[in-house]
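Here is the structure we will look at.
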Amino acid sequence: MSRAFCWVIGMAVCGILRAETPIRHGFTPVPGMTRAELYVVSVSNASAVLVLTPGCNGNGEALAASPVWQAFAKERNLALVGVSFASEVDDLHNGTGYYFAGNGSGLLLLDALDRLFVRNLPFLLYGFSGGAHYAARFAEWKPERVAAWCAYSAGWWDEPKPSEVMPPGIVACGEEDERLGATLSYFKQGRAAGKPWLWIGVPGNGHSPDGRVEAFVRAYFSSVLKGPSKDGGASGLWVDVETKSRASEEVLRFHPTGVGWLPDAGLFSEWEVLNVRQWTDR
């Protein structure tokens, strides 16, 4: 059993997983949007904001109300936000809907969070499906505000561009998902641009969220928040995403699109198991 899931089970046994009711904040939608709401669980003196984005036109209240996400946010002193944005379906496909953070939905979220919390807090973004569209594009649009992110299974992607600031990110997809090809191509394009990204391909998973991916994301975010060890301990690790092993110097040099970055070498075994094991008790 992974360290991340031991944490979840331990929290449940100790009775810590008690959920608060998120507070709804409504905003005037920008052009291309039909709904703009945030569901917020605050903490005192938050060090960062954890932003959870659901599928296409989904309501983020359930994510913000999740006992597991709330327990993680409180342990790490994070404000928690569930995004509830919507657009006409045609606008999501023609580039004018909320998926496209640079067209106004990103600034709406940024301004709202800077008003709700201490200005300029870093963001941790996690999104599935439609939420993956938004999370990935927000990280590309405003990378200096993003500490880390995960985009889990989108149907199409914008080409990532080299940038001065490149926050670490996870690109994930179920191996039975028809979006696998597009998602893996996006990861490789990002690596070709020098982005410190990690690939997760989940055996047996179609187009549905997997709790074990979310558990790994929490462990990954925790590692990023801790930063480099001051005593020379845990450090990052490059991994071979094809062989699911530690990357060799040869692969790093000659096949950069086939490697991913872990912010902590201690995450390797959890990442390895997540990629190669067929889970049936999802």
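Summary table
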| item | result |
| --- | --- |
| Search result, residues across segment 114-166 that are surrounded by fewer than 23 Cβ atoms within 10 Å (Cβ to Cβ) and among the aromatic types (Phe, Trp, Tyr) | Phe117, Trp141, Trp156, Trp157 |
| Matching residues, segment 97-106, being touching a Leu at 6+ places or on another chain (Cβ under 9 Å) and either at positive phi or in a helix (DSSP H, G or I) (or both) | Ala101 |
| Helices (runs of 4 or more DSSP H) fully within segment 151-257 counting 1 or more residues that are under 25 Å from Phe72 (Cβ atoms) and free of Cβ contacts under 8 Å to residues at least 60 places away in the same chain | 180-192, 211-226 |
| Of all residues making up segment 107-125, the number that are in contact (Cβ under 8 Å) with a residue 60 or more places away in the chain and outside any helix (DSSP H, G or I) | 7 |
| Count - residues of segment 5-25 that are modelled with pLDDT of 90 or more and out of contact with any Leu (no Cβ under 8 Å at 6 or more places or on another chain) | 3 |
| Out of Ser42, Ser105, Ser87, sole residue that is over 23 Å from Pro167 (Cβ atoms) and buried (at least 22 other Cβ atoms within 10 Å of the Cβ) | Ser87 |
| Which listed residue, of Leu108, Leu113, Leu80, is over 18 Å from Leu63 (Cα atoms) and of a type in the set (A, V, I, L, M) | Leu108 |
| Residue list for segment 49-76, filter: over 19 Å from Gly131 (Cα atoms) and not in a helix (DSSP H, G or I) | Arg76 |
| Selection status of Trp157, farther than 17 Å from Pro209 by Cβ, in contact with a Ser or Thr (Cβ under 8 Å, 6 or more places away or on another chain) and not acidic (Asp, Glu) | yes |
| Selected residue (criterion: farthest from the chain's Cα centre (by Cα)) from residues of segment 77-96 that are assigned to a loop (DSSP other than H, G, I, E, B) and either at pLDDT below 95 or more than 19 Å from Tyr126 (Cα to Cα) (or both) | Glu88 |
| Search result, residues across segment 70-99 that are without any contact (Cβ under 8 Å) to a residue 40 or more places away in the chain and in contact with a helix residue (DSSP H, G or I) (Cβ under 7 Å, 6 or more places away or on another chain) | Tyr99 |
| Lone qualifier among Lys230, Lys226, Lys244 - being at positive phi, at pLDDT below 95, surrounded by fewer than 18 Cβ atoms within 10 Å (Cβ to Cβ) and among the charged types (D, E, K, R) | Lys244 |
| Residue check, Asn57 at pLDDT below 95 and among the polar types (S, T, N, Q) | no |
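Residue-wise test of (1) of a type outside the set (Val, Ile, Thr); (2) in contact with a strand residue (DSSP E or B) (Cβ under 8 Å, 6 or more places away or on another chain); (3) closer than 22 Å to Leu107 by Cα.
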site: Ile23; (1), (2), (3): no, yes, yes
site: Gly26; (1), (2), (3): yes, yes, yes
site: Pro31; (1), (2), (3): yes, no, yes
site: Val40; (1), (2), (3): no, yes, yes
site: Ser44; (1), (2), (3): yes, no, no
site: Ala48; (1), (2), (3): yes, yes, yes
site: Gly55; (1), (2), (3): yes, yes, yes
site: Val83; (1), (2), (3): no, yes, yes
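The values are calculated or read from the model by the stated rules, or taken from the named source; none is laboratory data. Since this is a predicted model, take the numbers as computed values, not measurements. All Cβ positions, even for glycine, are placed from backbone atoms using ideal geometry, and neighbour counts span all protein chains on display.
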